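**Student:** Have a look at this one.
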Amino acid sequence: MKYIDLRSDTVTRPSDEMRRIIAQAEVGDDVFGDDPTVNKLQKKVAGLFGKEAALYVPSGSMGNLVAIKTHTNPGEEAIFEEDCHSLNYEAGSMGAVAGLVSHTFRGRHGVMTREQVEPYIKKKSLHTPPTTLIALENTHNHAGGTIYPLEEIKKLREMAEEHELRMHLDGARIWNASVATGIPLDEYGRYFDSIQCCFSKGLGAPIGSIVVGDADFIERARRFRKMFGGGMRQVGIIASAAIYALDNNMSRMSEDHENAGFLAQNLAGIDGIDIDLDSVQTNIVIMNIASSGKQVPDVLSKLKEMGILAVQFGATKIRCVTHLNVNRTDIETAIEKFKAVFAN
Ligand code: TLP
């Protein structure tokens, strides 16, 4: 059966044109720093964010870990939003590998505010783990692809400077935030010491993420990438796909956002499905099915029988993500199938 796959934007497949570009990629040994395609990608992305340098890494999880590990020492404290990806979906790396104590705050739509966070920043003392980092996520996956308001980012940046905190952004889907708001990537770049962004989500490249920052930070991050086994060799093969994706697949993300909005509007009209429509700001739709009395795994398996794939995202929640491999007709089909499952 050919599925309409709404589990994630990570399921996107390289197009024929992308595969052609991959086949022609110029390569070298990137651990020696001489893969021309990787160097081109790193320069290009650093430039897009107005940063001095960038480091290509195999995954978003490694990008977050490398960046945060480079900024901090074991035993220090870092501030995260409670439902962020780094703490909940990266296998405990912030504690197990970076050795951090995490202080979490609950954000509305994934947004922590300065007022909320500032009173809890800890100074260095004999007893306390000093707070040295704050990490944000934009767009926020678990909150439903929500966008961090620039005004709040600016306030947090001022706070970070006053308290000498480093500021990291998990920008796995920063492309979506930029396309949806029209805020250029280099504007986001101004407020963070490091940003991690993924090519293997809505941009449609098969593998890879990147970390941007200043030159000294990236040099130090390179050592941690090696330590974590992320030093790769003729990796221009996949970096070429990332360059292609940036040039061809970014502006079209507005289509994914329209499709997510359309899906959310229609699903919200079904009895037993509750959606916070304010949270549907980019390509993610999270619905709560508690009021239907149905169990998420049952709903997902019925949908699957009908050719629709989605994922569980909490005890009573389902997530659908739109991307370049699903079009409006697919979304219309998905809506019909949801209606059928919830009709009885
Ligand atoms: N997110 C995946 C799953 O892990 C949940 C998805 O399907 O959405 N930051 C954010 C905000 C992410 O959403 C993800 C992946 C990552 C980091 C990690 O990227 P990878 O999977 O490349 O390690």
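The values are calculated or read from the model by the stated rules, or taken from the named source; none is laboratory data. What you are looking at is a predicted structure, and each value in this text was computed from that prediction instead of being measured. We place every Cβ from the backbone using ideal geometry, glycine too, and count neighbours over all the protein chains shown. To get the accessible areas, we keep the full protein, side chains included, count just its heavy atoms, and leave off ligands, DNA and RNA. Shrake-Rupley method; radii C 1.70, N 1.55, O 1.52, S 1.80 Å.
**Student:** Run the dipole for region 63-109 about the Cα centre, Lys and Arg Cβ at +1, Asp and Glu Cβ at -1, nothing else charged, and hand back the magnitude in debye, nearest 20.
**Tutor:** That gives region 63-109 a dipole magnitude of about 40 debye.
**Student:** Here is a further query. Viscosity 1.002 mPa s, temperature 20 °C: Stokes-Einstein D of the chain from its Kirkwood Cα radius, in µm² per second?
**Tutor:** 103 µm²/s
**Student:** Please give the charge dipole size of the chain, origin at the Cα centre, charges +1 on K and R Cβ atoms and -1 on D and E Cβ atoms. Round to the nearest 20 debye.
**Tutor:** Dipole of the chain, to the nearest 20 debye: 660 debye.
**Student:** Take every DSSP beta bridge with both residues inside region 14-248 and express the antiparallel ones as a percent of the total, to the nearest 5.
**Tutor:** 40 percent
**Student:** Can you give the convex hull volume of the alpha carbon atoms of region 140-271 per residue, in Å³?
**Tutor:** Spelled out: Cα convex hull of region 140-271, divided by residues, is 149 Å³.
**Student:** Same structure again: Which lysines have a Cα less than 25 Å from the Cα of Lys294, not counting those fewer than 8 places away in the same chain?
**Tutor:** Lys302, Lys304, Lys317, Lys337, Lys339
**Student:** At each listed q (0.12, 0.14, 0.23, 0.25 Å⁻¹), what is the log10 of I(q)/I(0) that the Debye formula gives for region 252-343 modelled as equal alpha-carbon point scatterers?
**Tutor:** Scattering profile of region 252-343, log10 relative to I(0): -0.31, -0.43, -1.22, -1.45.
**Student:** Another question, then. Quick one: Karplus J couplings for region 249-264, per residue in order, coefficients 6.51, -1.76, 1.60, θ = phi - 60°, nearest Hz, x for Gly and Pro?
**Tutor:** Calculated HN-Hα couplings, in order: 10, 7, 5, 5, 4, 4, 4, 4, 5, 5, 5, 5, x, 5, 4, 4 Hz.
**Student:** Treating the Cα atoms of region 20-91 as identical point scatterers in vacuum, please give the log10 of the normalised Debye intensity I(q)/I(0) at q = 0.17, 0.21 Å⁻¹, two decimals.
**Tutor:** Summing over Cα pairs of region 20-91 leads to -0.84, -1.05.
**Student:** Can you give the accessible area per residue of the chain, in Å², using a 1.4 Å probe?
**Tutor:** With the other protein chains kept in place, the chain gives 42 Å² per residue.
**Student:** Starting with the highest mean, order 209-217, 134-142 by the number of other Cβ atoms within 10 Å, averaged over the residues of each peptide. Let's see the in-between values first.
**Tutor:** Numbers: 209-217: 22.2, 134-142: 26.1.
Descending packing order for the listed peptides: 134-142, 209-217.
**Student:** In addition: Put Met306, Met232 in order of accessible area, largest first, 1.4 Å probe: what do you get?
**Tutor:** Final ranking, largest accessible area leading: Met306, Met232.
**Student:** Something else: I need the peptides 187-194, 119-126 ranked by packing, meaning the mean over residues of other C-beta atoms within 10 angstrom, with the highest value on top.
**Tutor:** Final packing ranking: 187-194, 119-126.
**Student:** What does the highest-first list of 313-323, 279-289 look like by mean Cβ count within 10 Å?
**Tutor:** Details: 313-323: 20.5, 279-289: 24.7.
The packing order, highest mean first, is 279-289, 313-323.
**Student:** Can you send over the carbon and sulfur percentage of the accessible area for the chain, probe radius 1.4 Å, protein chains only?
**Tutor:** About 49 percent, which is the carbon plus sulfur part of the accessible surface.
**Student:** Further question: Mind pulling up the Rg/Rh value for region 200-283? Radius of gyration and Kirkwood radius, both on Cα.
**Tutor:** Working: Rg = 18.7 Å, Rh = 16.0 Å.
On the Cα set of region 200-283, Rg over Rh gives 1.17.
**Student:** Remind me, relative contact order of region 252-343 in percent, using alpha carbon pairs under 8 angstrom and six or more residues apart?
**Tutor:** It comes to 32 percent, rounded to a whole number.
**Student:** Checking the table Lys43/Lys123; Lys51/Lys124; Lys51/Lys155 against a 26 Å threshold on Cα-Cα, which pairs fail?
**Tutor:** Lys43/Lys123; Lys51/Lys124
**Student:** Select from Val299, Cys320, Ile275 the residue farthest towards the positive end of the dipole of the chain; place +1 on Cβ of Lys and Arg, -1 on Cβ of Asp and Glu, and compute about the Cα centre.
**Tutor:** Highest projection toward the positive end goes to Val299.
**Student:** Is it possible to state the helix-based mean residue ellipticity at 222 nm for the chain, with each DSSP H run of 4+ residues giving -39500 (n - 2.57), the sum divided by total residues, to the nearest 500 deg cm²/dmol? What is it?
**Tutor:** One gets -12000 deg cm²/dmol as the mean residue ellipticity at 222 nm.
**Student:** Also, I was wondering about something else. How high is the relative contact order of the chain, given as a whole-number percent (alpha carbon pairs under 8 Å, six or more residues apart)?
**Tutor:** 25 percent
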